[in-house]
1. Output the residues belonging to segment 108-133 that are surrounded by fewer than 14 Cβ atoms within 10 Å (Cβ to Cβ), of a type outside the set (A, V, I, L, M, F, W, C) and more than 30 Å from Y268 (Cβ to Cβ).
2. Is it true that D176 is under 19 Å from I321 (Cβ atoms) and surrounded by fewer than 20 Cβ atoms within 10 Å (Cβ to Cβ)?
3. Could we say that S136 is exposed (fewer than 15 other Cβ atoms within 10 Å of the Cβ), touching a residue at least 12 places away in the same chain (Cβ under 8 Å) and under 14 Å from L185 (Cα atoms) here?
4. If you check M151, M242, which single one turns out to be crowded, with 18+ Cβ neighbours inside 10 Å and either at pLDDT below 90 or more than 19 Å from the chain's Cα centre (by Cα) (or both)?
5. Pairs please, first residue from segment 85-104 and assigned by TED's automatic domain parsing to the domain that holds R186 and closer than 20 Å to L183 by Cα, second anywhere and buried (at least 19 other Cβ atoms within 10 Å of the Cβ) and modelled with pLDDT under 90, Cβ atoms under 6 Å, 6+ apart in sequence or on different chains.
6. Name the residue that is surrounded by the most Cβ atoms within 10 Å (Cβ to Cβ), counting only residues in segment 82-91 that are under 19 Å from G72 (Cβ atoms) and not aromatic (F, W, Y).
7. If I filter segment 146-156 for residues that are among the small types (G, A, S) and assigned by TED's automatic domain parsing to the domain that holds I236, do I get at least one hit?
Amino acid sequence: MTSERRRIVALGRSSLVVSMPKAWLELHGLGKGDEVSMDVQPDGSLTIQSTLERGGWGREVHLGVEAGEADGSIVRRIIGAFLDGCTVVKLSSGEVFSPGQQRVVREVAGRLFMMVLEAEARSIVLQTLVDESQASLASSVERMHVIAYSMCRDILEALREGDVGLARSVLSLEEDIDQLRFLLLRLIRRVAVDPVLGRRLGVDTLDCLDYQTLVSTIERIGDHATSIAESVIRVIESGIVMPGDVFEALTGAADITFTAYDGAVQGYLSRSIMDVDEIIGRKRVIDEVIMRVTPLPVFGGSGETSVLSDVVNIRECLRKIIHHAARIAELTIDRAYRIDAD
């Protein structure tokens with residue numbers, strides 16, 4: 001749609017009006033009596049938005065599935081349709097869906113807050129249960145963080161107490177983090193293209209960029225926590241006892257790292273920069289603590305090679321998590337000093 005100039009004209013004694021482009025009205029399905037919203041931007045410009053629901057969001061999509069299509073391909077296409085805002089996803093095939101294909105479709109539907117609406121031998125219809133207008137970015141991010149942080153604390157306790165069962169319980173939580181990540185990315189994309197919904201939720205385009213970075217960072221921390229849990233399980237089951245200085249270095253570094261991560265997210269959500277410098281400075285502290293595990297200690301007995309590998313993995317995952325925590329703290333600084341329009 002090309003730019004055009006329009007003259008401001010008087011309507012009565014005190015009102016000034018400007019006419020709306022016909023093409024824009026048709027694009028949004030607007031007519032006489034409909035409402036639009038107008039917002040003054042920080043640069044002084046004026047944006048006009050339709051208050052009607054956007055027709056492009058919430059559409060249904062049809063996905064054709066080949067008889068021998070790989071499970072991963074089917075999953076990726078369903079996830080793509082979900083993130084693009086499709087409410088109904090219809091899958092059909094010229095052949096009968098294999099048991100494996102049926103299984104992965106149901107599994108990914110559960111991860112994406114979708115339900116199986118119809119199921120036949122050659123077709124499956126999925127419908128999302130998400131209502132973006134009732135969602136909250138901040139509260140959903142907080143729920144995602146609570147799960148990731150609980151994984152971290154349980155790992156630390158499992159390592160200290162030698163509790164394999166507790167370490168195994170951490171592994172099942174990674175799926176919950178992934179589920180919330182998909183929900184949040186869908187919501188962020190919706191807000192990015194629908195300013196009306198953004199205003200309703202108190203979120204703008206800059207918030208979307210920050211939240212997307214935050215969500216991706218928490219998801220990576222969940223991945224690292226899962227990797228640490230797997231290493232902790234192997235270390236405990238090996239029966240090999242770490243040297244005392246190594247054990248103290250790892251548990252001490254974990255405690256500092258996980259506390260810094262929690263503080264970083266809490267600061268982001270509250271827009272508080274009180275502790276950001278301390279959190280960012282923890283990177284150096286962790287590097288110094290981890291030096292006590294480098295060069296690698298020598299374990300005695302059989303199986304030392306695998307234990308050494310797991311100690312290295314725990315060490316490196318902690319290093320990555322503290323760097324992610326520092327990144328969140330830097331986001332908090334950017335967020336705290338934003339200049340918003342009144």
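1. E118, E120, R122
2. Values: under 19 Å from I321 (Cβ atoms): yes; surrounded by fewer than 20 Cβ atoms within 10 Å (Cβ to Cβ): yes.
Yes.
3. Yes.
4. Numbers: M151 fails: either at pLDDT below 90 or more than 19 Å from the chain's Cα centre (by Cα) (or both).
Exactly one residue qualifies, and that residue is M242.
5. Note: no pairs meet the criteria.
6. Residues of segment 82-91 that are under 19 Å from G72 (Cβ atoms), as a first pass: 82-84, 89, 91.
Restricting the remaining residues to those that are not aromatic (F, W, Y) gives 83-84, 89, 91.
Details: L83: 16, D84: 14, V89: 25, L91: 22.
Filtering first and then ranking leaves V89.
7. Step one: of segment 146-156, the residues among the small types (G, A, S) are 148, 150.
With the extra rule that they be assigned by TED's automatic domain parsing to the domain that holds I236, the set shrinks to 148, 150.
Yes, because at least one residue in segment 146-156 is among the small types (G, A, S) and assigned by TED's automatic domain parsing to the domain that holds I236.
Results for (1) within 14 Å of the chain's Cα centre (by Cα); (2) aliphatic (A, V, I, L, M); (3) crowded, with 20+ Cβ neighbours inside 10 Å, shown as yes or no for each residue.
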residue: R181; (1), (2), (3): yes, no, no
residue: A192; (1), (2), (3): no, yes, no
residue: P195; (1), (2), (3): no, no, no
residue: V215; (1), (2), (3): yes, yes, yes
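The values are calculated or read from the model by the stated rules, or taken from the named source; none is laboratory data. For clarity, every value in this text was computed on a predicted model and none was experimentally measured. Counting neighbours? That spans all protein chains shown, and the Cβs are built from the backbone with ideal geometry, glycine included.
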